[in-house]
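Okay, so here's the structure we're looking at.
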Amino acid sequence: MIRLIEENLVRQNKAMLLMYFLLEEEFSRLTQLKPQSVSQVELSIQELMRQVAGERASLRRLVARVQPSAQRVREIMPGLSEEEAGSITELLARLDETEQKCGVQAAKNQQMAMALFDQSKGLLNFMHNQIKPKSTTAYARTGRFAKGINDARLLSGRL
């Protein structure tokens, strides 16, 4: 059973390494301003995250088989031999380090995506303001630019 737990941790570590490489690829595509290719990488990242979540659920079931009251791998460590505990501790440390790298890279990607979003939004607002008529005049029924009188007027009429 401990071998299955170790294998699961190895698979999770490899998946997180792949996640890190995908996040780096996403960042490079963000810097190259290729939105379609960014969305393709994003879909791969989401699928990989789904698979990692499945591996984690599987790991919890394996841990519960070893010790029914345990929720985490670290809770079964005292009952293991020194060699098994050392191996699992090393795998957990590697997994944690890789997860930290992924978190930092994901934060960089998020900052870059938000900066690009703000830049695009600002450009669209600028273009909209340039197109919008500057004065209170508007186009007439004939399609020509009509100049209105901005003075206050008293209106009277019948309904």
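The values are calculated or read from the model by the stated rules, or taken from the named source; none is laboratory data. Please read all numbers here as calculations on a predicted model, not as lab measurements. Please note: Cβ atoms are built from the backbone with ideal geometry, for glycine as well, and neighbour counts cover all protein chains shown. All accessible areas refer to the heavy atoms of the entire protein, side chains included, with ligands and DNA or RNA removed. Shrake-Rupley method; radii C 1.70, N 1.55, O 1.52, S 1.80 Å.
Below, the figures for the structure above:
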| read-out | value |
| --- | --- |
| Residue count for segment 17-28, restricted to those that are touching a residue at least 24 places away in the same chain (Cβ under 8 Å) and open to solvent by 20 Å² or more (accessible area, probe 1.4 Å) | 6 |
| Some residue of segment 84-98 being exposed (fewer than 11 other Cβ atoms within 10 Å of the Cβ), modelled with pLDDT of 85 or more and of a type in the set (Asp, Glu) | no |
| Tally, over segment 20-64, of residues that are modelled with pLDDT under 90 and charged (D, E, K, R) | 1 |
| Some residue of segment 54-74 being out of contact with any Lys or Arg (no Cβ under 8 Å at 6 or more places or on another chain), under 22 Å from residue 2 (Cβ atoms), in a helix (DSSP H, G or I) and among the acidic types (Asp, Glu) | no |
| Segment 29-47 residues that are more than 13 Å from residue 109 (Cβ to Cβ), paired with ones that are surrounded by 13 or more Cβ atoms within 10 Å (Cβ to Cβ) (beta carbon under 8 Å, 6 or more apart) | 33/116; 37/29; 44/22 |
